[in-house]
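Here is the structure we will look at.
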Amino acid sequence: MLSLQPITRSANLARRAGVALGSVGVTLYFCLLVIVRAALGRLRRENVDRYTRIWSAALLRLVRMRMTVQGRCPDFNDGRRYLILCTHSSHYDIPASFVAMPGSMRMLAKSELYRIPFLGRAMRAAEFPSVARHNPQQARRDLARARQMMESGIVLWAAPEGTRSADGRLQPFKKGCFHLALETGAIIVPVAIRDIHHVLPARTWRLNLDQPVQLCIGAPIDASRYDQDNLAVLMNDTRERMEQLLYGQVAAPVPSPEPALETCAD
């Protein structure tokens, strides 16, 4: 069962406006920082790693999210390719993952995001791969580019559901990221984020502050043990593991102060 819904404290209009303006402001600042450093030839991968975590922590502080982390991250520096597959029920899934997990993590983003002024240019400079969801030929080229990034040491974050869940329950999976996992022989790291849909429910502006959220990291799945004929088996095995993380009983979590950058990242 899903954990009991926490007592929510909806932000008033002024607070919602403050969070929105603060989020836009901090995002624009880091976008410009990345763009300028890239134009000067001074943008390094480690710079982006640090910027994404500072940016993410700032977003979580604006909504006063109280996040705890359960489970252990693999060693992302062991030379293997890693793909984080995460539940998706909030815009805050991505910053929560950046704060809680280590490595040169980049989101596999929908191509529409790259049309946003400043954000799209910054994401490309920062090695965030895109995927064209409605153009199969371009999607194949995008996944080939994502594979190159993984082989260079980037840990990809993707949402196999493809779109946000309104109630926090796991939706049907898309096949794209599983094809990528098979083609690269990646290690899939299943992640489920409990109760994060209460912070800002999908397709609403109902912002709730001080929400307890639990990010659960599951045991890795080695996609190299599967082949293309077993795509459905890999999807089912991943789904079962994510469902256990989302609905099952978990051990006592490790509290994340503030939100802390040290949770699992150091």
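In table form, for the structure just shown:
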| item | result |
| --- | --- |
| Relative contact order of segment 40-198, pairs being alpha-carbon contacts under 8 Å that are 6 or more residues apart, as % | 33 percent |
| Gyration tensor (alpha-carbon) shape descriptor, segment 1-126, a/c threshold 1.5 | oblate |
| Solvent-accessible surface (1.4 angstrom probe) belonging to residue 198, in square angstrom, nearest 10 | 20 Å² |
| Share antiparallel - DSSP beta bridges, the chain, percent rounded to 5 | 35 percent |
| Interchain or long-range residues, amide H under 5 Å from residue 155's placed H | 104, 105, 106 |
| Mean residue ellipticity (222 nm) of the chain, computed from DSSP H runs ≥ 4 via -39,500 (n - 2.57), nearest 500 | -12500 deg cm²/dmol |
| Nearest-20 debye value, the chain charge dipole, Cβ charges on Lys, Arg, Asp, Glu | 1000 debye |
| Selection from 88, 107, 29, by position along the positive dipole direction of segment 1-138 (Cβ) | 29 |
| Shape category assigned to segment 84-203 from the gyration tensor of Cα positions, a/c cut at 1.5 | rounded |
| Backbone HN-Hα couplings from phi across segment 227-237 [Karplus 6.51/-1.76/1.60, Hz, Gly and Pro as x] | 10, 4, 5, 9, 4, 5, 5, 4, 4, 5, 5 |
| Option label - Cα extents along the principal axes in Å computed here, alternatives [x] 55, 41, 41; [y] 88, 53, 39; [z] 51, 50, 36 | [z] |
| Per residue accessible area of the chain, 1.4 Å probe, in Å² | 49 Å² |
| Dipole-positive endmost among 186, 123, 223 within segment 100-231 (Cβ charges, Cα centre) | 123 |
| Segment 119-242, relative contact order in percent, only Cα pairs under 8 angstrom and at least six apart counted | 21 percent |
| Whole-Hz ³J(HN,Hα) from phi, Karplus 6.51 cos²θ - 1.76 cosθ + 1.60, for segment 24-29, glycine and proline x | 5, x, 5, 5, 5, 4 |
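The values are calculated or read from the model by the stated rules, or taken from the named source; none is laboratory data. Every value quoted in this text rests on a predicted model; they were computed, and no experiment measured them. Quick reminder, even Gly has a Cβ in these numbers, built from the backbone with ideal geometry, and neighbours come from all protein chains shown. Side chains are part of the model used for accessible areas, which takes the heavy atoms of the whole protein and leaves out ligands, DNA and RNA. Shrake-Rupley method; radii C 1.70, N 1.55, O 1.52, S 1.80 Å.
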